[in-house]
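Read-outs throughout are calculated quantities, based only on the coordinates presented, and are distinct from any laboratory measurement. Every value quoted in this text rests on a predicted model; they were computed, and no experiment measured them. Cβ placement follows ideal geometry from the backbone for every residue including glycine, while neighbour counts extend to all protein chains displayed.
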Amino acid sequence: MKKIRVIVVDDSALVRSLLSEIINRQGDMECVGAASDPLVAREMIRELNPDVITLDIEMPRMDGIDFLGRLMRLRPMPVLMISTLTERGAEVTMKALELGAVDFIAKPRIGVADGLSELSHEIVDKVRIAAAAKIKRTLTPSASASALASKASPSTSLVGRVFTEKLIVMGASTGGTEAIKEILTKLPANSPGIVITQHMPPGFTTSFAARLNGLCQIAVQEAVHGERILPGHAYIAPGGKQFRIDRSGANYVAVVEDGEPVNRHRPSVEVLFRSAANVVGRNAFGIMLTGMGNDGAKAMREMKDAGSYNFVQDEASCIVFGMPKEAIAHGAADEILPLNAIAPALLAKLGASADRYRI
């Protein structure tokens, strides 16, 4: 069996040693090199041709983000970021995902040895996911800016209707931060309320929501317990919490709570989608995006059985096709579409709904 070849890039000799040991304990992977900074890593990549790189952010001689940007433009490959649980670390990690990193590990600030040992299962799982991910060359800065400008002004209008009864329910995991951005930036300000579960640990969803809020016509925020779900707003499940929706009179409200992991996840797409099946029924539009595993697949079928209309991202446009594949296998999809076609298809369905119910 061909092993997954990994290069570890971190300025800490301790972290390099610990990560190398964790990787080498696995029968299906090996650490073929460990670099103290990106310039050393660059030469190792040329010589050793790894399948995956783990990359620190703050390093001497070249920042990890600068190196990632150059790497993804010139030699795209799977990169797993290492980020500390700080505010700046969260913001920079969001930038890394935007540049093309597959995923990240939240590195502990203190007790590094014990912390990485506790994270060993997550580390090797994410290395395996990264090795199987489909990586694409990133846009040049000018092309990226141009694309973002075109997304910032959605051309489709929803004929002035305020959708208080409709709700868009979205789930994603690996690769999902950019997929969610692709959809939300194409939605107009009078979209129905949107609720989102993206697999993410505590400390990172605040930065994720803030980043999206600066790019979208709709308002984007972390979900707050008891808050009303409003049209023109998107609510993201806080990392480390379970997020579902409920009713209070005629209103949808957010329920954010400490719950057990479901399908090993907290937040879990299953929890959110099941609540949509129970509470929203035929007024829901479900969207399943890129991600590893099967979280949300059964509940998305429950949504469909309750009358929702569901969009599932297709394999070609997914970073990882696990969650969409499982949703399709459960018969939960009404349409299977490339990522860039989901928002237009959703708007078309909403437009038809507006025409049907206009008074």
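The modelled label-to-label distance between Asn251 and Asn24, using points 7 Å beyond Cα along the C-beta direction, is 5.9 nm.
Compactness check for the range 1-132: Cα Rg over 2.2 N^0.38 Å is 0.94. Listed values for the range 45-58 are Karplus-derived 3J(HN,Hα) couplings in whole Hz (6.51 cos²θ - 1.76 cosθ + 1.60, θ = phi - 60°), namely 4, 4, 7, 9, 6, x, 8, 9, 10, 9, 10, 6, 9, 8, and x replaces Gly and Pro.
For the range 256-302, rounded, prolate or oblate, judged on the Cα gyration tensor with a ≥ b ≥ c (square roots of eigenvalues), a/c < 1.5 rounded, else prolate if a/b > b/c? Since a/c reaches 1.5 but b/c is at least a/b, the shape of the range 256-302 is classed as oblate.
Just add up the charged neighbours of Pro202: K/R +1, D/E -1, any other residue whose Cβ is under 10 Å from the Cβ of Pro202.
Working: positive: Lys241, Arg266; negative: none.
So the surrounding residues net to +2.
What you get for the chain, charging only the Cβ of Lys and Arg (+1) and of Asp and Glu (-1), is a dipole of about 980 debye around the Cα centre.
In the range 65-110, which trypsin sites (Lys or Arg not before Pro) are in a loop and have at most 14 other Cβ atoms within 10 Å, using DSSP for the loop call?
Working: sites: Arg70, Arg73, Arg88, Lys95, Arg109; in loops: Arg109.
Within the range 65-110, the qualifying trypsin sites (Lys or Arg not before Pro) (loop, at most 14 other Cβ atoms within 10 Å) are Arg109.
Note on Lys2 and Arg75: the extension gain reaches 24.1 nm, defined as 0.36 nm multiplied by sequence separation minus the Cα-Cα distance.
When the chain is fully extended, how far beyond the present Cα-Cα distance does Gln221 get from Asp125, taking 0.36 nm per residue of separation? Kindly include the intermediate steps, with their values, before the conclusion.
Numbers: separation 96, 0.36 × 96 = 34.56 nm, distance 2.92 nm.
Result: 31.6 nm gained on full extension.
Ellipsoid semi-axes for the chain, based on the Cα gyration tensor and the rule √(5λ), read 37, 21, 18 Å when sorted largest first. Estimated from helices alone, the mean residue ellipticity of the chain at 222 nm is -12000 deg cm²/dmol (sum of -39500 (n - 2.57) over DSSP H runs with n ≥ 4, per residue). The modelled label-to-label distance for the pair Arg264/Glu118, using points 7 Å beyond Cα in the direction of Cβ, is 1.8 nm.
Using the Cα gyration tensor of the range 154-357, with a ≥ b ≥ c the square roots of its eigenvalues, what is the shape: rounded (a/c below 1.5), prolate (a/b larger than b/c) or oblate (neither)? Rounded, since a/c falls under 1.5. Treating the angle as unsigned and between 0 and 90°, give the value, to the nearest 10°, between the Cα long axis of helix 339-357 and the longest Cα principal axis of the chain. Value to nearest ten degrees: 10. Compared with the direct C-alpha span, the chain from Asn213 to Arg109 gains 34.6 nm at full extension, assuming 0.36 nm per residue.
Proximity of backbone amide H atoms, modeled 1.01 Å from N, is registered between Val253 and Ile229, Asp246, Arg247, Ser248 at under 5 Å, excluding neighbours fewer than 5 places apart on the same chain. In this label model, Lys95 and Ile135 are separated by 2.0 nm, measuring between points 7 Å along each Cα→Cβ vector.
What is the chain's relative contact order, in percent, from Cα pairs under 8 angstrom and six or more apart in sequence?
Working: 802 pairs, mean separation 43.4, N = 359.
Once normalised by length, the contact order is 12 percent.
With 32 Å as the limit, the listed pairs Lys3/Lys136; Lys3/Lys304; Lys107/Lys134 have Lys3/Lys304 beyond it between alpha carbons.
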